[in-house]
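Reading through the structure tokens given below for one structure.
The values are calculated or read from the model by the stated rules, or taken from the named source; none is laboratory data. Only a predicted model underlies this, so the values are computations on that prediction, with no experimental measurement involved. Don't worry about glycine lacking a Cβ; one is built from the backbone with ideal geometry, like all the others, and counts go over all protein chains shown. We work out accessible area using only protein heavy atoms, side chains counted, and drop any ligands, DNA or RNA first. Shrake-Rupley method; radii C 1.70, N 1.55, O 1.52, S 1.80 Å.
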Amino acid sequence: MARTDRDSSTADGSDAVEDVFERLFRDSRTNALLAWVVVGVLVMVFVESALDFDRQWLAFVTIVGAIVVIPPVAYREWRAMLPWELLVLATLPILVRGVFDGSVGTFAAYLAVAGLALIITAELHMFTSLQVSHWFAIVLVVLTTLASVAAWTVLRWNLDRRFGTSYLSTNDALMAEWLSVTIAGLAAGVLFDAYFRRRDRQLRRALRRVVSR
């Protein structure tokens, strides 16, 4: 009987946590406020990168912030934001990269590129008529990650040429970086599929309520 009571209590606790998250997204105002807090964190990282004169991270954070705010600008509705928990998950590596250096910061940068791909794919999924199967959603996130890191590589190459920086070193190091980003992109693709498989209908209903007003 004690085990049954304990299991029941655990289940009730899990249901209560789930109800909290459900309410946070059903309330479009609350979701938008939390999402804009994430944007505020990106602004803080932008300022920190500007003070450190970190050109490459300054450019990256600017790109991520611009993509995040595309939906509210396009719909002219400040509440038309991606789910706050998805934004937190996708942008957390950016904050880690802004705080830590060394191997931790480098790995966070790889995850940040995958997070950018996750944001792009989520916006295409939620704010356009794009409909993809679950397996293709994973492939799309991975391909978007590879496209993002390719553009990122070109940007750093141009910075090296124009300003004499050394963001790119050897070809072997670049290939290792691409491999790490690909693995991070695959993980992000699986996460995207698992997240939207569960919440797709709820998110689309909430979005329609926001943009139709």
Filter the range 129-161 down to residues that are out of contact with any His (no Cβ under 9 Å at 6 or more places or on another chain) and not in a helix (DSSP H, G or I) and give me whichever is most open to solvent (accessible area, probe 1.4 Å). S129
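Condition check ((1) touching a Ser or Thr at 6+ places or on another chain (Cβ under 9 Å); (2) modelled with pLDDT of 85 or more; (3) open to solvent by less than 40 Å² (accessible area, probe 1.4 Å)) across all residues:
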{"residue": "L82", "(1), (2), (3)": "no, yes, yes"}
{"residue": "E85", "(1), (2), (3)": "no, no, yes"}
{"residue": "T91", "(1), (2), (3)": "no, yes, yes"}
{"residue": "G102", "(1), (2), (3)": "no, no, no"}
{"residue": "F107", "(1), (2), (3)": "yes, no, no"}
{"residue": "A112", "(1), (2), (3)": "yes, no, yes"}
{"residue": "F127", "(1), (2), (3)": "no, no, yes"}
What is the residue count in the range 132-161 for residues that are closer than 14 Å to A59 by Cβ and in contact (Cβ under 8 Å) with a residue 40 or more places away in the chain? 4
Inspect the range 184-197 for any residue being modelled with pLDDT of 80 or more, in a helix (DSSP H, G or I) and touching a Phe, Trp or Tyr at 6+ places or on another chain (Cβ under 7 Å) and give the result as yes or no. yes
Which numbered condition L203 misses (of (1) at pLDDT 80 or above; (2) within 23 Å of V68 (Cβ to Cβ); (3) crowded, with 16+ Cβ neighbours inside 10 Å): (1)
Per the list (1) closer than 24 Å to L155 by Cα; (2) open to solvent by less than 50 Å² (accessible area, probe 1.4 Å); (3) charged (D, E, K, R), residue check on E48 breaks on (2)
Can you say whether R208 is surrounded by 12 or more Cβ atoms within 10 Å (Cβ to Cβ), at negative phi, out of contact with any Lys or Arg (no Cβ under 9 Å at 6 or more places or on another chain) and at pLDDT below 80, as far as the supplied structure shows? no
Which count do you get for residues in the range 51-79 that are open to solvent by 20 Å² or more (accessible area, probe 1.4 Å) and in contact with a Ser or Thr (Cβ under 6 Å, 6 or more places away or on another chain)? 2
Test for S9: is it over 30 Å from D160 (Cβ atoms), at pLDDT below 85, open to solvent by 60 Å² or more (accessible area, probe 1.4 Å) and of a type in the set (S, T, Y): yes
Quick check on this structure: which one of A122, A80, A117, A108 is of a type outside the set (F, W, Y), under 17 Å from the mean Cα position of the chain (by Cα) and outside any helix (DSSP H, G or I)? A80
Have a look at L143, L111, L174, L168 and point out the one that is under 22 Å from V39 (Cα atoms) and in contact with a helix residue (DSSP H, G or I) (Cβ under 9 Å, 6 or more places away or on another chain). L111
If I filter the range 96-105 for residues that are more than 16 Å from A184 (Cβ to Cβ) and touching a residue at least 24 places away in the same chain (Cβ under 8 Å), do I get at least one hit? yes
Take the range 162-174 and flag every residue that is assigned to a helix (DSSP H, G or I) and farther than 13 Å from Q56 by Cβ. N171, D172, A173, L174
For the range 26-74, which residues satisfy the criterion of being assigned to a loop (DSSP other than H, G, I, E, B) and either in contact with a Lys or Arg (Cβ under 7 Å, 6 or more places away or on another chain) or closer than 24 Å to T128 by Cα (or both)? D27, V69
